[in-house]
Ligand SMILES: Nc1ncnc2c1ncn2[C@@H]1O[C@H](COP(=O)(O)OP(=O)(O)OP(=O)(O)O)[C@@H](O)[C@H]1O
Ligand SMILES: [Mg+2]
């Protein structure tokens with residue numbers, strides 16, 4: 001990448017971050033309140049009745065909810081913002097009249113998604129640590145998983161927003177595909193507790209790899225961290241390429 | 001500056017641009033005149049890299065738009081037909097974030113944003129949102145934004161559509177100012193008057209084809225008769241004799257009876273005087289109307305229908 005490309009990525013990133021900071025009060029509500037609700041209702045309420053062996057249910061749940069936070073703060077914001085930029089204020093067209101390449105713009109959006117997910121994760125980790133005394137293990141390792149997963153879901157946000165032409169369809173896809181993902185991918189219950197026939201499918205989803213990785217880091221169990229990380233990154237790259245492809249097809253007529 | 005050869009754009013079965021050729025010279029205002037759906041926006045979008053041609057070439061300052069999109073876009077500013085302003089940002093920030101994509105330093109960019117706002121006489125509106133501006137202000141701002149990167153070529157897609165006559169005239173001043181600054185301007189319009197007043201050269205485009213190209217005067221000369229003299233008088237007094245006399249006069253192209261008098265088509269202004277002298281002295285005239293040809297007539301002549 002040359003300096004022009006880097007400047008383009010940063011320009012898009014800066015615009016998105018400006019928007020994010022401008023709506024910090026709303027974003028902060030969503031960042032802090034939503035995941036905490038899950039922790040309190042499921043973790044502390046329902047959790048008392050759940051037997052997870054040698055860890056409490058809240059300890060089991062926290063790394064999972066962390067990745068729900070990552071998903072929401074990358075996929076949701078990026079897909080919405082891109083759809084607005086393409087269809088509503090049509091600023092995407094404008095950006096493309098500047099000397100820039102489509103993939104630089106996409107990359108800028110993905111960087112913004114990763115940054116936002118990272119910020120939300122830090123807030124969540126701190127809140128859980130100070131409120132409940134639950135720690136997440138080796139943070140640098142965890143950050144690698146957060147970045148990879150956020151990149152995956154930002155790319156997915158680009159691909160889906162660019163593929164669909166209607167904000168209502170975006171909402172439907174989100175609630176039928178992305179939300180269930182967080183319910184099945186080992187966030188609330190271990191994948192091994194699901195019916196056997198569906199387990200291979202769920203195991204193949206990058207989010208499952210991320211949740212299992214995070215849980216391994218926090219609880220010190222699973223040894224397949226590197227494999228999981230590489231698996232997520234390969235998927236990210238594939239979805240990124242698909243996203244760029246659809247982006248070009250939709251925006252450059 | 002711009003050279004377009006055999007450019008074709010198909011949307012599925014539909015051909016929006018059907019093999020057009022034209023050339024825009026450095027420093028001129030070149031007009032694309034045509035009705036709705038003629039293919040004006042499509043052509044501009046191809047030049048701006050927003051659309052890919054189906055075949056043919058478009059060259060900007062020596063570079064092919066499909067092969068060197070970045071190089072071409074660096075020399076180009078475009079004011080698209082849709083205004084494309086970010087509703088969440090005030091107009092100053094809108095210009096700022098657009099300018100950021102041109103790789104300028106922050107200091108330089110801020111200076112240019114201020115210059116652009118001043119040029120558009122909107123420096124007191126910098127904190128306003130785009131939709132809070134009047135139509136005329138909006139168009140000025142869109143043109144100013146196209147100038148942010150100080151490009152050599154500016155594309156303006158229908159810069160005055162929807163404006164009242166006064167605002168339109170004002171925008172014209174701004175477009176003339178672009179030319180004075182040495183910019184090459186390619187604009188589209190469906191206002192004949194606008195093309196006539198602003199443009200050095202015009203292409204008339206219809207159904208994706210250029211049906212005529214030239215200076216406004218050259219285009220008007222396509223018509224057989226330059227000037228139409230429409231005289232109202234009692235039809236009974238028009239004798240065969242008068243008609244014959246007029247027909248024999250040199251410079252008169254045709255003489256036709258109309259239901260309120262007589263219509264005479266003549267070559268130029270000196271003939272008008274002769275004709276009037278010969279008629280006024282002999283008859284009682286109810287009214288005289290001298291009509292110089294407009295681009296509207298040219299369009300009518302070329303396509304057999306009115307533009308709107
Ligand atoms: N994205 C598209 N997909 C399909 N058809 C299109 C598309 N864009 C334009 N067209 C068609 O191409 C033709 C030319 O459209 P274009 O927008 O270039 O016309 P125009 O001269 O700019 O008209 P107007 O004065 O209304 O802006 C029209 O028939 C239009 O319906
Ligand atoms: Mg148009």
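Couple of notes before you dig in:
- Boolean, residue A:5 is farther than 15 Å from residue A:136 by Cβ and more than 14 Å from chain B (Cβ to nearest Cβ): no
- Residue match in the stretch B:214-221 (condition: within 16 Å of the chain's Cα centre (by Cα) and on the phi > 0 side of the Ramachandran plot): yes
- Sole residue being touching a helix residue (DSSP H, G or I) at 6+ places or on another chain (Cβ under 9 Å) and either within 16 Å of ligand 2 (Cβ to nearest atom) or away from chain A (no Cβ under 13 Å) (or both), chosen from B:34, B:19, B:49, B:39: B:34
- Taken residue by residue, the stretch A:62-81 has no member that is in contact with a strand residue (DSSP E or B) (Cβ under 9 Å, 6 or more places away or on another chain) and in a helix (DSSP H, G or I).
- Counted as qualifying within the stretch A:139-253 are the helices (runs of 4 or more DSSP H) with 1 or more residues that are buried (at least 18 other Cβ atoms within 10 Å of the Cβ), namely A:139-163, A:167-173, A:179-184, A:206-219, A:225-251.
- Residue check, residue B:48 surrounded by 22 or more Cβ atoms within 10 Å (Cβ to Cβ) and either touching a residue at least 24 places away in the same chain (Cβ under 8 Å) or within 16 Å of ligand 1 (Cβ to nearest atom) (or both): yes
- Neighbours by Cβ (under 8 Å, 6+ apart or cross-chain): first from the stretch B:270-287, buried (at least 16 other Cβ atoms within 10 Å of the Cβ); second in a helix (DSSP H, G or I): B:275/B:246; B:279/B:242; B:279/B:246; B:283/B:237; B:283/B:242
- Residue B:6 satisfies every condition listed in (1) within 9 Å of another protein chain (Cβ to nearest Cβ); (2) in contact with a strand residue (DSSP E or B) (Cβ under 6 Å, 6 or more places away or on another chain); (3) away from ligand 1 (no atom under 16 Å from the Cβ) except (1).
- Qualifying positions in the stretch B:284-293 - outside any strand (DSSP E or B) and either at pLDDT 80 or above or out of contact with any helix residue (DSSP H, G or I) (no Cβ under 6 Å at 6 or more places or on another chain) (or both): B:284, B:292
- Sole exception among (1) out of contact with any helix residue (DSSP H, G or I) (no Cβ under 7 Å at 6 or more places or on another chain); (2) modelled with pLDDT of 80 or more for residue B:281, by number: (2)
- Test for residue B:25: is it more than 16 Å from ligand 2 (Cβ to nearest atom), away from chain A (no Cβ under 14 Å) and free of Cβ contacts under 8 Å to residues at least 24 places away in the same chain: no
- For residue B:238: the one exception among (1) at pLDDT below 75; (2) touching a strand residue (DSSP E or B) at 6+ places or on another chain (Cβ under 8 Å); (3) surrounded by fewer than 17 Cβ atoms within 10 Å (Cβ to Cβ): (3)
The values are calculated or read from the model by the stated rules, or taken from the named source; none is laboratory data. Note that the structure is predicted; figures quoted are calculated from it, not measured. Every residue, glycine among them, receives a Cβ derived from its backbone with ideal geometry; neighbour counts consider all protein chains shown.
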